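In what follows, a structure is listed as structure tokens, so that the remarks can point back to it.
The values are calculated or read from the model by the stated rules, or taken from the named source; none is laboratory data. Given the structure is predicted, the values throughout are model-derived calculations rather than measurements. Cβ placement follows ideal geometry from the backbone for every residue including glycine, while neighbour counts extend to all protein chains displayed. Side chains are part of the model used for accessible areas, which takes the heavy atoms of the whole protein and leaves out ligands, DNA and RNA. Shrake-Rupley method; radii C 1.70, N 1.55, O 1.52, S 1.80 Å.
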Amino acid sequence: MNNKRVIIVGGGLAGLYTAYQLEQLNIPYLLFEAKDVFGGRIYSEQPKVYDENEPLHDLGPTWIFPHHHQMKALVADLQTHLFDQHIEGAVVYHSDQHTQPQIIENGQGPLLHRLAGGLYKLILALQAKLSKDNYQLSCQVEQLTKVHDSWQVTVKNTKDDSTSIFETDHLVLALPPRIINEFLTPVHWASKALTAALVAVPTWMASQAKFIATYEEAFWRTKGLAGQAFSRVGPMIEIHDASAQVQQDFALFGFIGLSSQAIEGLSVERVKALCINQLSLLFGDEAQQYSQCYLKSWGNDHYVAVEKDRVEPPNHPYFNMKGFTGELSSLNLYLAGSEFAQQEAGYLEGALFAANTTIKSLEKNLMTLTREKI
């Protein structure tokens, strides 16, 4: 049986940032990610042969808000940089399928920040800071068992179906609450109250679907348009300029208003065609001359959304961490997913907040154990 002092389950932003800090503190750890890439809900379609100079357009979260100071600090620490979301120009509004879209001057939204080259660059920068011996991709945790003061973690390698058991003193779950309940057998180790709380918290972004089209030129800007649109017709209900740099790597993205079930019932190519046609209607026929287009339905990603997420209306997550402090402490269990953050839950900033809270608790507990042994 393999033993590590800390095991992290989940390689999204919260899990990677936790690992990054443990690496700096020289605390032994092992990180498991079920998918074959890191990032979780920070996701971009990547070419088979990756060129670090190529943009990676965001199919998950996109924006860093001005008050998200921890994200800004991490961006600077990893020597990546931000630019302002493009909002200059008129906004398009389409209220009814029987009327033409309206052009609205001075209708731009608030100032938001983007990561140059795409937010996935941050994931790649974090991964590069980790020792390759300290993480395993394509490894799905199938069962957690509490044995006295230790955890036994059963892991399945999804590439060869082999199964291994790892043991740890401290377990970090950097996953959404409902995914913990779905995959990690809390019925065997959690109280009924904790299990019920995990099920009750909605997964942020689980009901969203996103479409991106890339272009050689920002044709909408030359027409005096911001690339921003709102529609009650669809399929996209909200559209923005998604260019990955200030004056290059041009793109448009939109949030699709169809349910995950509706998207699943249509072919991917059909949904893409509907979105391109909508961009043409809103911004002009030049939208048909796209370079690439991508679609991601988060409700159809079983590592992100559970059935409850797919059928209930979206809601902001809140988990009352204080109500379970004693139970989590007795289990040496740390909940580090963004939904568990007591500030900015669900957002990128929330992922860092939850990870920082976890690191502080881990440091305190590990120091206590060291003193007891002395």
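Structure notes:
- Taking each residue of segment 317-342 that is more than 25 Å from Ala305 (Cβ to Cβ) and looking for partners that are buried (at least 20 other Cβ atoms within 10 Å of the Cβ) and of a type in the set (Val, Ile, Thr) with beta-carbon atoms closer than 9 Å, six or more apart or interchain, yields Asn332/Thr168.
- Within segment 203-215, the set of residues being assigned to a strand (DSSP E or B) and open to solvent by 10 Å² or more (accessible area, probe 1.4 Å) comprises Thr214, Tyr215.
- Taken together, Leu352, Leu348 contain a single residue that is at pLDDT 95 or above, open to solvent by 10 Å² or more (accessible area, probe 1.4 Å) and of a type outside the set (Phe, Trp, Tyr), which is Leu348.
- Candidate set from segment 62-73 (those that are open to solvent by 30 Å² or more (accessible area, probe 1.4 Å) and in a loop (DSSP other than H, G, I, E, B)); member that is nearest to Gln247 (Cα to Cα): Trp63
- Scanning segment 188-202 turns up no residue that is more than 24 Å from Thr357 (Cβ to Cβ) and of a type in the set (S, T, N, Q).
- Conditions (1) open to solvent by 50 Å² or more (accessible area, probe 1.4 Å); (2) assigned to a helix (DSSP H, G or I): number failed by Val233: (2)
- Taking first residues from segment 268-279 that are over 12 Å from Tyr294 (Cα atoms) and partners that are open to solvent by less than 10 Å² (accessible area, probe 1.4 Å) and part of a helix (DSSP H, G or I), the Cβ contacts under 8 Å between residues at least 6 apart in sequence or on separate chains come to Leu279/Ala287.
- Residue among Ala76, Ala125 that is assigned to a helix (DSSP H, G or I), modelled with pLDDT of 95 or more and open to solvent by 30 Å² or more (accessible area, probe 1.4 Å): Ala76
- Unique match (being within 24 Å of Val304 (Cα to Cα), of a type in the set (Asp, Glu), open to solvent by 20 Å² or more (accessible area, probe 1.4 Å) and part of a strand (DSSP E or B)) among Glu182, Glu167, Glu238: Glu238
- Taking segment 1-29 as the range and being more than 21 Å from Gly60 (Cα to Cα), open to solvent by 10 Å² or more (accessible area, probe 1.4 Å) and in contact (Cβ under 8 Å) with a residue 12 or more places away in the chain as the test, the residues that pass are Met1, Asn2, Asn3, Lys4, Arg5, Tyr20, Gln21, Glu23, Leu25, Ile27, Pro28.
- Scanning segment 185-202 for residues that are open to solvent by less than 10 Å² (accessible area, probe 1.4 Å) and either β-branched (Val, Ile, Thr) or closer than 18 Å to Gly350 by Cβ (or both) gives Leu198, Val201.
- Selection within segment 101-122: residues that are open to solvent by less than 20 Å² (accessible area, probe 1.4 Å) and in a helix (DSSP H, G or I). The member of this set that is nearest to Glu23 (Cα to Cα) is Leu122.
- For segment 84-100, a residue qualifies if it is of a type outside the set (Phe, Trp, Tyr), open to solvent by 20 Å² or more (accessible area, probe 1.4 Å) and over 14 Å from Gly224 (Cβ atoms), and the qualifying residues are Asp84, Ser95, Asp96, Gln97, His98, Thr99, Gln100.
- Residues in segment 247-261 that are open to solvent by 40 Å² or more (accessible area, probe 1.4 Å) and more than 19 Å from Trp220 (Cβ to Cβ): Gly257, Leu258, Ser259, Gln261.
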